[in-house]
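What follows draws every value from the coordinates through simple rules; no lab data is involved. Computed from a prediction, not measured in an experiment: that's the story for all the values here. So basically every Cβ, Gly included, is an ideal-geometry build from the backbone, and we count neighbours across all protein chains shown.
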Amino acid sequence: MSENPPSWNLSVSPDGERLAEEAARRIRQAAEDAIRQRGRFTLALAGGSTPEKSYRLLADPKRGAGLDWGKTFLFFGDERFVPHDDPRSNYHMVQRSLLAPAKVPPERVFAIPTDTDSPAASASLYAETLQQQLEVAPGGLPRFDLILLGLGDDGHTASLFPGKPALYETAAWVTSSPPGMLPPPVDRVTLTFPVINAARQVLFLVAGAGKAQPLRDVLKGQATLETRPAVGVRPADGKVVWLVDEAAAAGLDRAT
Ligand code: 6PG
């Protein structure tokens, strides 16, 4: 990993609402660019709680045009290994905040299956889905137009947790992981760094004071992959944009 952190593209919003609006605006822009240039938009959605407001905005036609759902292909960056109707499921959060209100055609939604024998089986199945549905980037990796990611208080992203083997997966596109330190304590299925780093663009959505320290550690380059996994997000020729609110940005000198 290079010593000099890349120059980060950082956007600070006053609060969570404005952060969600900025995220929805950038997602729409990425969709318009992708559809204009390639005829479709491939988007991997983040889980957790922060993105929910942005998903509701994307689903609300009164708040500006939604996405072209006929040309938008929705995937997931990670999933908890629970049924999709379990409140802990990322799919469950996306279903109620985006898919149902926006009436997204089911054939445009590629969920990580959790009705398999194991998280590892789910990971293998999802890798096949990526193989079938995505364009291939240089190096033979599946390439998303945009991947949304969150940042955990422990510096994890997707389900790439501190100290877990998934951090070091360089061959598989999707892998499984035991729970990290933060709830919910359930097994996970997650995209791996090779796939994340093959994306055209990665958009981090980070809100709240609890993220100030991990955000500072990651952006200042004062962290290792082992302790702050989000430092592993360095797309080879893609763009990383950090959308944060003032509370999360508190630890940064804005010259960062
Ligand atoms: C998950 C997410 C996870 C999340 C971070 C931030 O399955 O929980 O993929 O990586 O993005 O933990 O979560 P919050 O947005 O809830 O703070």
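Every residue in segment 163-184 that is more than 12 Å from the ligand (Cβ to nearest atom), more than 17 Å from the chain's Cα centre (by Cα) and at negative phi, please.
Answer for segment 163-184, where residues must be more than 12 Å from the ligand (Cβ to nearest atom), more than 17 Å from the chain's Cα centre (by Cα) and at negative phi: LYS164, PRO165, TYR168, GLU169, THR170, ALA171, ALA172, PRO178.
Does VAL94 satisfy the criteria of being of a type in the set (A, V, I, L, M) and within 15 Å of the ligand (Cβ to nearest atom)? Steps first, please.
Details: of a type in the set (A, V, I, L, M): yes; within 15 Å of the ligand (Cβ to nearest atom): yes.
Spelling it out, VAL94 is indeed of a type in the set (A, V, I, L, M) and within 15 Å of the ligand (Cβ to nearest atom).
When both residues are 6+ apart or on different chains and their Cβ atoms are under 6 Å apart, which pairs have a first residue that lies in segment 141-154 and is closer than 19 Å to ALA24 by Cβ, and a second that is away from the ligand (no atom under 16 Å from the Cβ) and polar (S, T, N, Q)?
PHE144/THR42; ASP145/THR42; LEU146/GLN201
Tell me which residues, restricted to segment 186-195, are within 12 Å of the ligand (Cβ to nearest atom) and either in a loop (DSSP other than H, G, I, E, B) or over 18 Å from ARG80 (Cα atoms) (or both).
So in segment 186-195, the residues within 12 Å of the ligand (Cβ to nearest atom) come out as 186-191.
VAL186, ASP187, listed by residue number.
Considering segment 205-222 alone, what residues qualify as being part of a loop (DSSP other than H, G, I, E, B) and within 16 Å of the ligand (Cβ to nearest atom)? First the steps, then the outcome.
Within segment 205-222, the subset part of a loop (DSSP other than H, G, I, E, B) is 207-208, 220-222.
Within segment 205-222, ALA207, GLY208 qualify.
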